[in-house]
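In what follows, a single structure is set out as structure tokens and then discussed.
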Amino acid sequence: MTATADAVVSPEAHASAQADLISRVEITLFSYPMVGVAGGADMPGAVGERRRLAVRIFTRGGGQGAYVGGQANSLPQAATCAKAIIGLNAFTREAAYERIRRHLRKEDRMGAGVVDCAMWDLGGQILGLSVAQMLGGARRSLKAYASTWFGSDEGGLNSPEAYADFAEECYGLGYRAFKMHGWSDGGTKRDIGAILALGERVGGRMALMHDSACSFRTFADALAVGKACDEAGFFWYEDPYADGGLSAHAHRRLREMIRTPILLGEHLRGVELQANMVLADGTDFVRADPDFDMGITGTMKIARFAEAMGLDVELHAPGPAHRHCMAAIRNTNFYELSMVGPSRGDFNAPVYTCGYSDALDDVSPDGTFPVPDGPGLGVSYDWERIKTSALDRVVIE
């Protein structure tokens, strides 16, 4: 015997569902000073500026989620994403992802990350679970690598020997991996010198990486630096030359000529483009970033794709969302503690009220950083400080 009946929803369940509907999103663009940094280079005594987005999501029932990150120039996209999630249930992140992906189909999707990360924080706050727990993560701490500022004639990283000295200093702090960003002037001589100096001074004790941020102008220059990485036994070679890290063909040819693994993907947005690069044999390691790749949702899609392909995924840059993702990813090696240098210039927003830190000297003696264990992203923010340094604010209801 079969029977049909309309589903009966209790008033309590209906009220609960209504309470979890997203009703308001606030996005604040704010700035803060970076002491010891100028033009992306380690510079004693200099004062630079950085701008970030602060997102707060509210539900009808009073639930709140928040995230600080992203890029200043992605504010219009973030506002578009905010409009797309109004009225959605706080836990329907896949539906939000699909809406946002369509709304930003003609854009680079950079504004999606901050909104998605805030939605994950919102869900965790409501449930009383950390994002790592929601993702099924088990790691409590993450091995980190120190990732430098760029070199400069006048800065703290002004010679190959200065890079080697700083690597030794980082080793003393507990780091067992080190990535250099070179001089970004298109030249190769000093970069090669620093690569060889690092191999001689800390090779065998630290995993070493090189990232030119696409500064080498020709394939020949990229190849010459890659061969130096081979000689020094580097762990990876990242975004070598001026194609913008986008050419699968060129990097496939480069992979055939050097032994050091290639890492690409910082300038590709989302799982589809990352998959295209991998399937075209353009990279050995896969890149992902919750700020750049449509949030935690997009980052975990990339991680699962990389796992299916038998490759490691390395998260770009530091942050609470990055730590929670890494806690739930098997096929990853290091947490990127960037950007750092002898002058201790810190590019991370000084807005945490909970003791969270991505400062160079706050690494544990064993070279790790902890995964926050509180609800959601496990961090709290100084909203008064963000408000007083605000440059723009958008409210979507």
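The values are calculated or read from the model by the stated rules, or taken from the named source; none is laboratory data. Note that the coordinates shown come from a computational prediction; the quantities given were computed from them, not determined experimentally. Positions of Cβ are backbone-derived with ideal geometry, glycine not excepted, and every protein chain shown enters the neighbour counts. Note: areas computed on protein heavy atoms with side chains; ligands, DNA, RNA excluded. Shrake-Rupley method; radii C 1.70, N 1.55, O 1.52, S 1.80 Å.
Would you mind finding the one in 62, 113 that is open to solvent by less than 90 Å² (accessible area, probe 1.4 Å), modelled with pLDDT of 95 or more and assigned to a loop (DSSP other than H, G, I, E, B)? Don't jump to the end; show me each part of the working.
Details: 113 fails: assigned to a loop (DSSP other than H, G, I, E, B).
Only one candidate qualifies: 62.
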Within segment 310-339, restricting to residues that are of a type in the set (Gly, Ala, Ser) and more than 16 Å from residue 140 (Cβ to Cβ), the one that is most open to solvent (accessible area, probe 1.4 Å) is 310
Note on segment 216-243: residues open to solvent by 20 Å² or more (accessible area, probe 1.4 Å) and outside any helix (DSSP H, G or I) are 217, 218, 233, 235, 241, 242, 243
In segment 11-31, residues that are in contact with an Asp or Glu (Cβ under 9 Å, 6 or more places away or on another chain) and open to solvent by 10 Å² or more (accessible area, probe 1.4 Å) total 5
Reported set for segment 32-59 where residues are open to solvent by less than 10 Å² (accessible area, probe 1.4 Å), aliphatic (A, V, I, L, M) and farther than 30 Å from residue 82 by Cα is 37, 41
Apart from one, (1) open to solvent by 10 Å² or more (accessible area, probe 1.4 Å); (2) over 19 Å from residue 300 (Cα atoms) all hold for residue 74; the odd one out is (1)
Pairs returned, first residue in segment 258-284 that is on the phi > 0 side of the Ramachandran plot, second residue that is of a type in the set (Val, Ile, Thr) and assigned to a loop (DSSP other than H, G, I, E, B), beta-carbon separation under 7 angstrom, 6 or more apart or interchain, are 265/283
Taking segment 298-309 and the residues there that are assigned to a helix (DSSP H, G or I) and open to solvent by 10 Å² or more (accessible area, probe 1.4 Å), the one that is nearest to residue 380 (Cα to Cα) would be 300
Checked against (1) under 14 Å from the mean Cα position of the chain (by Cα); (2) within 22 Å of residue 244 (Cα to Cα), residue 281 satisfies every condition except (1)
